[in-house]
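See structure below.
The values are calculated or read from the model by the stated rules, or taken from the named source; none is laboratory data. Note that the coordinates shown come from a computational prediction; the quantities given were computed from them, not determined experimentally. Cβ sites come from the backbone with ideal geometry, for glycine too, and all protein chains shown count toward neighbours.
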Amino acid sequence: MIVFVQSVAICIVCIFALEKSRQVDVLLSKQTRQQLEFQSGFGELRFQISSLENEMSRITEKSELCEKNLKFQKKKNEEIVSKINRSCLQCKKTNKRLEKQRFRSTVKVYVPQKIPLHQEELKNVQSRVSSLRQIAIDVENDILKKFANLTHKLQKEKSSRILLSNQKSCSLTQISSNSSKTNQQKENNLPDFASEHCGAAVIKEKGTYRKFGIARPFSSSPSRFATIPDNAPGKCWPCRPPCELELQLCFPTIISAFSVHHIPRSISPSPYNHICSQGDYTSRK
């Protein structure tokens, strides 16, 4: 009798140890998934920062080109002003000649005909200079705006790092939710309508495996594990037929086909242990 009681106690201790190890494995996998999601969001943020830096460099080059054009127009303006000054000197000389010959009956007058043309060129140059100044002001404002946005993103990244260092149990999905709300892995870049970040959830599950007479609960697992099992190897939804799984997707979707993976080889029609369906099922919206 004592041996039987000891064996029962050992079995109970083993059961508790197995359950504890399963909980530890679940926590480790969740932390690993959160770290991967944060790294993907952080990489995308760095890519955006690099693109902003490239755009700032292009804007800087454009500003330098505008400054060069402005200097060239300014130099041309100075040349036109010097021509006008020479024309004015010629006019003064002509006026002096007129004053000397005012008592004569015939007076020869020479007035340069290029003065009006120079004045028109001066007006055109002044208008170009004003337009170039306005372009330079707009470019400067654009650069300041881009720099302010970049500074804000850098400060946000710094605050996220501080938050992660101060709070070890913070939710990494809240930090990277802006970059991966409805996208799955980077290999395909397709929308994931079963992602819990955009509102998807598991509504009902029935027919899962039982261990020690107790049904294994999977309601706490993410809904995308059911639609994309490759995202979390070893965490697909097991069931004993007849089984039922009901998901609430992010958006209304017209389902054309689906496939069931990781089925036994004895009932698998293909050597890949999965079966595909082209519409021989029921779908509720």
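Just one of the numbered conditions (1) in contact with a Leu (Cβ under 6 Å, 6 or more places away or on another chain); (2) over 30 Å from Arg133 (Cβ atoms); (3) not polar (S, T, N, Q) is not true of Leu27; which one?
(1)
Show the residue pairs that are 6+ apart or on different chains and have beta-carbon atoms under 8 Å apart, the first residue being within segment 116-134 and more than 19 Å from Ser63 (Cα to Cα) and surrounded by 13 or more Cβ atoms within 10 Å (Cβ to Cβ), the second being small (Gly, Ala, Ser) and at pLDDT 80 or above.
His118/Ser87
Answer yes or no as to whether Ser40 is surrounded by 15 or more Cβ atoms within 10 Å (Cβ to Cβ), more than 26 Å from Leu122 (Cβ to Cβ) and among the hydroxyl-bearing types (Ser, Thr, Tyr).
Taking the combined requirement at face value, the residue satisfies it.
Against the condition under 27 Å from Ala148 (Cβ atoms) and modelled with pLDDT of 85 or more, how does Glu53 come out, does it pass?
yes
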